[in-house]
Amino acid sequence: MSEILRVGALSVGFALASIGAATAQDPDGPTNTIVNPPANAAKPADAANSAKPAVKGWTGEVSPANSPDGITLDANQTKLVEQVSGYFQSIENLKGQFVQTDAENKRMKGKFFVKRPGRFRFDYALPSKQVIVSDGENLAIQDLDLNNEDRVSLDQTPFRLLLRKDVNLIRDARIIEVQQADDLIVLSLEDKDPNSPGKIKLYLATKPALELKEWVTTDPQGQATRIELSQLVKSDELDGNLFKIQPLGPKKSTPF
């Protein structure tokens, strides 16, 4: 797989359409990024990249943890972090739509599926022909056009914290930021384990019920990748075969 697929900033964002003015004031928030993309988003791309944006942000190659202790949580912040832990702990099956936006403001879309603990799948819509799949132990980034794959341990990604069997962010995460404004919780965290690099910023709606809408990560060069989620469904049972890492072949394709 091309080197650009290895350089990932796991900045994955799920933005609310109705975040409101409070979110727009957050320089990292989804509204500001979509309406006012960062300066580095204006860099011209070559024709090949314009036709087929790279899948970024899924490996552990993100900006390293740089806050030894994180912030000291007050009682309200502790409660918010516990609520977010409980939300992820409650997920058994989840599916929906996603839109990925990289630092150059290129967008890719598709369908995703999550089955805790540790399993997920992102199928990118054509023309990308790319699949991201975790079987609970390994995460594979597959390019079906080039017929090649990058594979890393799931423990080397920030998803380890959120999709493990027993989610406890107070215990396992270094909290960098936690705040609540109107109907939105914003939580930034890093893995306490030095062998699991990376930090992630989560955006969760609180109404009508707590629900993940966006996450963002930033690479060492300061470039962010975000993924927005929509049409979430938690009630449907998902086939475990979705999360098997299939061997590549000339006839493999995405469902789109």
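Remarks
- Computed packing ranks the peptides 82-94, 157-169 as 157-169, 82-94, most packed first, by mean other Cβ atoms within 10 Å.
- Amide H to amide H distances under 5 Å link Asn138 with Leu154, where only residues 5 or more positions off or on other chains count and H is placed in the peptide plane.
- Heavy-atom accessible surface of segment 120-237: percent carbon and sulfur, 1.4 Å: 45 percent
- For peptides 236-247, 200-211, 95-106, sequence by mean Cβ density within 10 Å, most packed first: 95-106, 200-211, 236-247
- Distant-in-sequence amide H partners of Asn148 (H built 1.01 Å from N, under 5 Å): Asp143
- The residues neighbouring Ser90, those whose beta-carbon lies less than 12 Å from its own, together hold a net charge of 0 under the Lys/Arg +1, Asp/Glu -1 convention.
- Stretch gain in nm, segment Ser235-Leu146, where the contour uses 0.36 nm per residue and the Cα spacing is subtracted: 28.5 nm
- Where labels lie 7 Å past Cα in the beta-carbon direction, separation of Ile170 and Arg107 in nm: 3.9 nm
- Net lengthening on full extension, Ala75/Gln89 (0.36 nm per residue, minus Cα-Cα): 3.0 nm
The values are calculated or read from the model by the stated rules, or taken from the named source; none is laboratory data. Computed from a prediction, not measured in an experiment: that's the story for all the values here. Here Cβ is always computed from backbone atoms with ideal geometry, including for glycine, and neighbour counts include all displayed protein chains. Calculation scope for accessible area: heavy atoms of the full protein, side chains included, ligands and nucleic acids excluded. Shrake-Rupley method; radii C 1.70, N 1.55, O 1.52, S 1.80 Å.
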